[in-house]
Amino acid sequence: MELRKFVAPTMAECLSRVKRELGSAAVILSTRTVHQKRWLGLLRREHVEITAGRGVRTMPRRQPASPGHVLSTPAGMNAVHMGISQDIDGLKTAISELVQQFRHSEAPDIPEHFVDCYLAMRRQQVAPEIARDLVFAAAA
C-alpha cells in the first residue's frame, strides 16, 4: 500500500497530479482546502491537499436491500395502498385549503355560498363593484 499527499492551487490540478503519478487505480482517501497565512498573517493563500493511495484495499459498496420481496406479500401491498391512500387524503385536504384561501382572497367580503356566482361574474368581465352589488342584492 502506497499513500501520498498531493498539494496544488486548484482541485483540478491536484487531481491531474494524482492521476499522472498513481494512475487510474488511485484511491482518494481525503481532500481538504488548506489556508496558508503569509506575511504576518495579513495575506492568505488557499491550496488543495489530497491524500491518495495505490494498492489500497477498500470495502466494496453494499447494494441496498431490494424492497421488492416485501412488496410482493399481501401485507406489504396493503401497507403500500394505505400509505398512498393517506397521502392522497392529505393532498385533498391541502388542495381544499388552498382553494378556500384563494376564494377568500378573491372575494373577501362575499358570503361563502355566493362566491362561485361572484367569481363567475368576474370571469365574464363584470366590474367588481357591480358583481358585489348583485351578490348582496341576491343575498338580501
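Listed by first and then second residue, the pairs linking a residue in segment 2-16 that is over 18 Å from R54 (Cβ atoms) and touching a residue at least 60 places away in the same chain (Cβ under 8 Å) to a residue that is basic (K, R) and open to solvent by 80 Å² or more (accessible area, probe 1.4 Å), with Cβ atoms under 7 Å apart and 6 or more places separating them unless they lie on different chains, form an empty list.
Among the residues of segment 71-118, write down those that are charged (D, E, K, R), part of a helix (DSSP H, G or I) and modelled with pLDDT under 85.
Of segment 71-118, the ones charged (D, E, K, R) are 87, 89, 92, 97, 103, 106, 109, 112, 116.
Then keep just the ones that are part of a helix (DSSP H, G or I); that gives 87, 89, 92, 97, 103, 106, 112, 116.
Passing the criteria: R103, E106, E112.
Looking across segment 94-114, the residues that are under 17 Å from D133 (Cβ atoms) and under 37 Å from the mean Cα position of the chain (by Cα) come down to E106, A107, P108.
Would you pick out the residues in segment 1-33 that are assigned to a strand (DSSP E or B), touching a Lys or Arg at 6+ places or on another chain (Cβ under 9 Å) and surrounded by fewer than 14 Cβ atoms within 10 Å (Cβ to Cβ)?
E2, L3, V7
The values are calculated or read from the model by the stated rules, or taken from the named source; none is laboratory data. Keep in mind it's a predicted model, so treat the numbers as computed, not measured. With ideal geometry, Cβ positions are generated from the backbone for all residues, glycine too; neighbour counts draw on all protein chains shown. When the accessible area is computed, the model is the full protein with side chains, heavy atoms only, and any ligands, DNA or RNA have been set aside. Shrake-Rupley method; radii C 1.70, N 1.55, O 1.52, S 1.80 Å.
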